[in-house]
Amino acid sequence: MMNLEHFNLDKRIALVTGASSGIGRALALGLAQAGAKIVAAARRVERLEQLVAEIEQAGGRALAVAMDVTDKDSIDAAYHRAEQALGVVDIIINNAGVAAPRGFLNTSDDTRDFIMNTNVNGVWHVAQAGARRLVDAGQPGSIVNIASVLGLGVQPGQAAYCASKGAVIQLTRAMAIDLMKYGIRVNAIAPGWFKTEINADYFDSAAGKAYIEQMPAKRLGRVEELIGPVMLLAGDAGSFINGAVLPVDGAIHARLS
Ligand code: NDP
């Protein structure tokens, strides 16, 4: 029998990277509402402090931790602080990410490395450090990687970003297989388009508005529409979902080649 309690996250401690903005901020608020204690991580700590205050005003529990996902020492220090304050992190939401819309011929090595270091190596290091802590503690857990529909199909002018999100999807599958024996599930969400700081300029432009009209749903997603899917993958309600990639995109993936 389905047990609705499986959607309850009140015994869980959830780290959300990139919680200072956009999707990560919405996910932190949503997971807190579902009962999880939140470790909000990013570089802009003053924004995280505001988020923590908002969660605590609503009766939740949260901690702001400085974390640069491209810096392993900073990742370790953040986990250490989280563990001391709240306990072992058993939900990891790898959301921090960057974009640099450029075609293949115009992408410098520096730009490519910037994208890959954040979007791929960042996911790798945050997941690896967290999974090692779970294994040491003998605890199960779940990891949700925020990929993109551009990890499933491609669009022009996004070479490094598409490559990075494709890598996140394959890494998700590889981690799911390798971590299964420790009771750690790993899944990915592939969001379509949601207006946040990463793309607001484009979606406010005439070209962006015209693009929205071509989308199957003819609208952008609302960041809150990612909360339910992430809760499903992160919590016990999704206990047999592993290595999956869930598009949340109003059917954009169905049209991408
Ligand atoms: P935002 O630009 O609003 O947020 C990006 C977040 O990533 C910020 O909180 C930023 O925090 C954090 N971040 C960036 N670099 C680092 C770093 N080195 N260390 C720690 N944190 C970092 O974008 P979104 O909310 O839209 O994006 C969130 C994720 O969703 C990304 O992975 C993105 O690729 C993905 N996505 C977004 C889509 C959309 O339409 N918006 C579509 C598909 C995927 P700070 O600067 O404070 O460190």
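The values are calculated or read from the model by the stated rules, or taken from the named source; none is laboratory data. Owing to the predicted nature of the structure, the values given are computational and were not obtained by experimental measurement. So basically every Cβ, Gly included, is an ideal-geometry build from the backbone, and we count neighbours across all protein chains shown. All accessible areas refer to the heavy atoms of the entire protein, side chains included, with ligands and DNA or RNA removed. Shrake-Rupley method; radii C 1.70, N 1.55, O 1.52, S 1.80 Å.
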Sorted on mean Cβ neighbours within 10 Å (highest first), peptides 247-253, 36-42 come out as 36-42, 247-253
Which residues does a label at residue 139 reach in the range 209-240, if reach means a backbone N under 18 Å from a point 7 Å past the Cα toward the Cβ? 234-237
If one computes the Cα centroid of the range 208-257 and of the range 159-206, what distance in Å separates the two points? 11
Given the -39500 (n - 2.57) contribution per DSSP H run of 4+ residues, what per-residue ellipticity at 222 nm results for the chain, rounded to the nearest 500 deg cm²/dmol? -13000 deg cm²/dmol
Probe 1.4 Å, heavy atoms of protein chains only: per residue, the accessible area of the chain in Å² is 48
To the nearest 10 square angstrom, what accessible area does residue 246 show with a 1.4 Å probe? 60
How far, in nm, would the chain grow between residue 241 and residue 80 when pulled straight, counting 0.36 nm per residue and subtracting the alpha carbon separation? 55.1 nm
Considering only protein heavy atoms and a 1.4 Å probe, what is the carbon-and-sulfur percentage of the accessible area of the range 123-257? 58
When the Cα centres of the range 29-47 and the range 78-157 are compared, how far apart do they sit, in Å? 16
